[in-house]
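This report refers to the structure that appears directly beneath it.
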Amino acid sequence: MLIALLIVLGMMGLWIQVNYVKSSSFTGSPESNLRPYSRPNRPFHMPVRGKNWSLFQPLYDMEKSRLGPSLFTPAEEFLGTFSDRIEWLDKTYQNDELVIYRAQEMYLEMIKSSVTATVFNGAEKSVVPGHEKLPLRPFDLELRQRGGDWTYLGDTMVGWSRIDNVLELLRNVVKDDIPGDFIETGVWRGGCSVFARAALNVLGQKDRHTYVCDSFAGLPPGDRALDPKDKNWDVMHWYLAISDEIVAQNFQKYGLLDHNVIFAKGFFNETMPQIKNYHPKGRKFAVMRLDGDMYESTVDVLYNLYDKLSIGGYLIMDDWFGFPSKTACEDFFKVHGINPEIIAIDHLSAYWKKTEEVDIQFWRYEQNKFKEQ
């Protein structure tokens, strides 16, 4: 009798496991490969999808076969290996710097040189920025370091100054205990967000999320007519349109695709209101990095998310000097009566620190009235 009961219970358990997998509402999701009853680590219910947008975690919501291999082991393993090497070298060369800090610097420099493709030296090429495809040029290290060209093999167009700025500001918010996540709006191949995730892991910030936001289809056509300079950005589709699968593969490649990585797919007028809605109440952003070039892409982020940026947090504008995104920020400042100190990063980019709360005039966003009358 006891044996028969155990057999029945075993068969019931098997039936539950099989039906758990079959009942997954997301066909082909890697969740089906998890152990039965295990639950993904999600900050809110995901994936969520609309007609033209989606919020999801690639680790759970993409087929594992689509993510590709990890070419880099996790940061902890690198730090252990590098620390051992430094300790061995220090037996010969006297150095008073803490081993762990030097190991962290080695790891982050390795990631930086990889995402910017400077690690490849002569094997890398230079893409000439512009609306048309021009012949590739020989790689110029100095030009790449200052973000003066577009990469061929790399995963980010930002130069070393802008990469270093991300690290500096993340270190600042950790040191000053500023709460919140990291968000980048406009990620291209994802290299800057990859680097930010690497930095957060090295800094021990496993509880901070990384939001990776892009249309994954290039820039919008600018038909909202919010600024005269918003036209014709979409003609660079040939270079700027990178699929979400490629970006997820890049996180995976560097060993940095974990549950903290959240994708927001769609044009920002679709996704920013959804992030505003779904981002857990009371949770903040500590660093926001905007790389949308256009006026409309910038107001989409500012009006929906600026009130979620922590006091003491930072907003980075990748496209500041000579871009309509700068005009969008200046109009935002004027109508809200704020005057943050703008700090230049390089010839293109700048950032500021949020020092006061702002009562967002959201009616302006609803009515497309962004300029002071």
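Miscellaneous remarks
- Lys133 vs. criteria surrounded by 14 or more Cβ atoms within 10 Å (Cβ to Cβ), basic (Lys, Arg) and within 30 Å of Gly148 (Cβ to Cβ): no
- Screening the stretch 57-66 for residues that are out of contact with any strand residue (DSSP E or B) (no Cβ under 7 Å at 6 or more places or on another chain) and assigned to a helix (DSSP H, G or I) and picking the one that is surrounded by the fewest Cβ atoms within 10 Å (Cβ to Cβ) gives Ser65.
- First in the stretch 66-84 and in contact (Cβ under 8 Å) with a residue 24 or more places away in the chain and not assigned by TED's automatic domain parsing to the domain that holds Val99, second anywhere and assigned to a loop (DSSP other than H, G, I, E, B) and among the charged types (D, E, K, R), Cβ under 6 Å, 6 or more apart: none
- Close pairs (7 angstrom Cβ cut-off, 6 or more residues apart or separate chains): on the phi < 0 side of the Ramachandran plot and touching a residue at least 60 places away in the same chain (Cβ under 8 Å) in the stretch 348-373, among the basic types (Lys, Arg) and outside any strand (DSSP E or B) anywhere: Ser349/Arg162; Phe370/Arg364
- Subset of the stretch 170-200 (residues that are at positive phi and surrounded by fewer than 23 Cβ atoms within 10 Å (Cβ to Cβ)): Asp177, Gly180
- Those residues of the stretch 108-129 which are more than 21 Å from the chain's Cα centre (by Cα) and in contact (Cβ under 8 Å) with a residue 12 or more places away in the chain, in sequence order: Phe120, Asn121, Gly122, Ala123, Glu124, Lys125, Ser126, Val127, Val128, Pro129
- Of everything listed in (1) over 28 Å from Ser243 (Cβ atoms); (2) surrounded by 15 or more Cβ atoms within 10 Å (Cβ to Cβ); (3) of a type in the set (D, E, K, R), the single unmet condition for Glu124 is (1).
- Hits in the stretch 220-263 - residues which are assigned to a loop (DSSP other than H, G, I, E, B) and hydroxyl-bearing (Ser, Thr, Tyr): Ser243, Tyr254
- All positions within the stretch 229-253 that are among the β-branched types (Val, Ile, Thr) and more than 20 Å from the chain's Cα centre (by Cα): Val235
- Selection of the stretch 84-142 for residues being more than 17 Å from Val158 (Cα to Cα) and touching a Pro at 6+ places or on another chain (Cβ under 9 Å) yields only Gly122.
- Filtered residues of the stretch 136-160 (kept if surrounded by fewer than 18 Cβ atoms within 10 Å (Cβ to Cβ) and part of a loop (DSSP other than H, G, I, E, B)): Leu136, Asp140, Arg146, Gly148, Tyr152, Leu153
- Restricted to the stretch 292-373, the set of helices (runs of 4 or more DSSP H) holding at least 2 residues that are surrounded by 13 or more Cβ atoms within 10 Å (Cβ to Cβ) and under 19 Å from the mean Cα position of the chain (by Cα) comprises 295-305.
- Under the condition of being aliphatic (A, V, I, L, M) and surrounded by 14 or more Cβ atoms within 10 Å (Cβ to Cβ), the residues counted in the stretch 67-99 number 5.
- Some residue of the stretch 138-161 being at pLDDT below 95, basic (Lys, Arg) and either touching a His at 6+ places or on another chain (Cβ under 6 Å) or not assigned by TED's automatic domain parsing to the domain that holds Val301 (or both): yes
- Where Asn19 falls short, out of the listed (1) touching a Leu at 6+ places or on another chain (Cβ under 6 Å); (2) modelled with pLDDT under 50: (1)
- Taking the stretch 250-285 as the range and being touching a residue at least 60 places away in the same chain (Cβ under 8 Å) and either over 22 Å from Pro58 (Cβ atoms) or of a type in the set (S, T, N, Q) (or both) as the test, the residues that pass are Asn250, Gln252, Asn260, Thr271, Gln274, Lys284.
- Flag: Asp258 matches the condition of being out of contact with any Asp or Glu (no Cβ under 7 Å at 6 or more places or on another chain) and either under 28 Å from Phe72 (Cβ atoms) or of a type in the set (Asp, Glu) (or both).
The values are calculated or read from the model by the stated rules, or taken from the named source; none is laboratory data. On a predicted model such as this, the values are computed, not experimentally measured, just so you know. Every residue, glycine among them, receives a Cβ derived from its backbone with ideal geometry; neighbour counts consider all protein chains shown.
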